[in-house]
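Visitor: To start, I am sharing the structure in question, which I have written as structure tokens.
The values are calculated or read from the model by the stated rules, or taken from the named source; none is laboratory data. Predicted model, so just to flag it, every value in this text is computed and none were measured. Cβ atoms come from the backbone with ideal geometry, glycine included; neighbour counts cover every protein chain shown.
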Amino acid sequence: MTRVQIERLVAEIENELAHLERIKTQVEGARSRFGDTEPNGFGTQGIALVLHDFYNAAENIFKRVALELGEGLPHGGDWHAVLLRNMTFRIPTLRPPVIRDETASLLDEFRRFRHRVRHAYGFTLRWSTLRGLLAEFDEAYQSLVADVHQFVAFLKVMAEED
């Protein structure tokens, strides 16, 4: 990769990190508004969409890394799960892990939930599931952002060496 390509990748990742910050604000707003009180159907669906967006932003980062560094995207029906797992791998000639195994484990719950949101009717979503993900959000968010910042630091060093 050229320096310009690396810098563009860093800019794309930082853009997704900004989206993640906005999603964090939305999650905090949902928690303060609803607490443990089950929202109405539209409220439930709105929270579900925010949680969907959280994993979507994470996966957007992973897709950009895989495509820009030349790994490509996995194939098959389970490609989303494989992509998440691939981000935990150190590829000696290419890159360190993008995220730690612990982060991938936290994110996997959100990945599975996003799949459900995409393939089920909103009115079938259960508040208990959403409440659990809202409770797990902070740890998953902080872990993801810390790991991605560390990966961005690697990319910046890589750009300087080009």
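Visitor: Checking the structure you have, find out if any residue of region 141-161 is more than 25 Å from Thr2 (Cα to Cα), outside any helix (DSSP H, G or I) and either touching a strand residue (DSSP E or B) at 6+ places or on another chain (Cβ under 6 Å) or touching a residue at least 40 places away in the same chain (Cβ under 8 Å) (or both).
Guide: no
Visitor: Being of a type in the set (Val, Ile, Thr) and surrounded by fewer than 18 Cβ atoms within 10 Å (Cβ to Cβ): is that true of Thr103 here?
Guide: Working: of a type in the set (Val, Ile, Thr): yes; surrounded by fewer than 18 Cβ atoms within 10 Å (Cβ to Cβ): no.
Criteria not met by Thr103.
Visitor: Moving on. Considering region 49-71 alone, what residues qualify as being small (Gly, Ala, Ser) and at pLDDT 95 or above?
Guide: Within region 49-71, Ala57, Ala58, Ala66 qualify.
Visitor: Now for a different question. Which ones in region 1-31 are crowded, with 16+ Cβ neighbours inside 10 Å and in a loop (DSSP other than H, G, I, E, B)?
Guide: Met1
Visitor: What are the pairs with Cβ atoms under 6 angstrom where one residue, in region 104-132, is under 21 Å from Asp147 (Cα atoms) and the other, located anywhere, is in a loop (DSSP other than H, G, I, E, B)? Sequence gap at least six, or different chains.
Guide: So the pair list comes out as Ala104/Thr88.
Visitor: Looking at (1) assigned to a loop (DSSP other than H, G, I, E, B); (2) hydroxyl-bearing (Ser, Thr, Tyr); (3) surrounded by 14 or more Cβ atoms within 10 Å (Cβ to Cβ), which is the only condition Thr129 fails?
Guide: Single failed check for Thr129: (1).
Visitor: Would you point out which residue out of Thr93, Thr44 is among the β-branched types (Val, Ile, Thr), surrounded by fewer than 18 Cβ atoms within 10 Å (Cβ to Cβ) and either on the phi < 0 side of the Ramachandran plot or assigned to a helix (DSSP H, G or I) (or both)? Quick ask: steps written out before the conclusion?
Guide: Values: Thr44 fails: surrounded by fewer than 18 Cβ atoms within 10 Å (Cβ to Cβ).
Sole residue among the options that is among the β-branched types (Val, Ile, Thr), surrounded by fewer than 18 Cβ atoms within 10 Å (Cβ to Cβ) and either on the phi < 0 side of the Ramachandran plot or assigned to a helix (DSSP H, G or I) (or both): Thr93.
Visitor: Follow-up. Does Leu51 satisfy the criteria of being closer than 24 Å to Val148 by Cα, outside any helix (DSSP H, G or I) and either without any contact (Cβ under 8 Å) to a residue 60 or more places away in the chain or touching a Leu at 6+ places or on another chain (Cβ under 6 Å) (or both)? If you could, list the steps in order and put the result at the bottom.
Guide: Details: closer than 24 Å to Val148 by Cα: yes; outside any helix (DSSP H, G or I): no; either without any contact (Cβ under 8 Å) to a residue 60 or more places away in the chain or touching a Leu at 6+ places or on another chain (Cβ under 6 Å) (or both): yes.
For Leu51, the condition - closer than 24 Å to Val148 by Cα, outside any helix (DSSP H, G or I) and either without any contact (Cβ under 8 Å) to a residue 60 or more places away in the chain or touching a Leu at 6+ places or on another chain (Cβ under 6 Å) (or both) - is not met.
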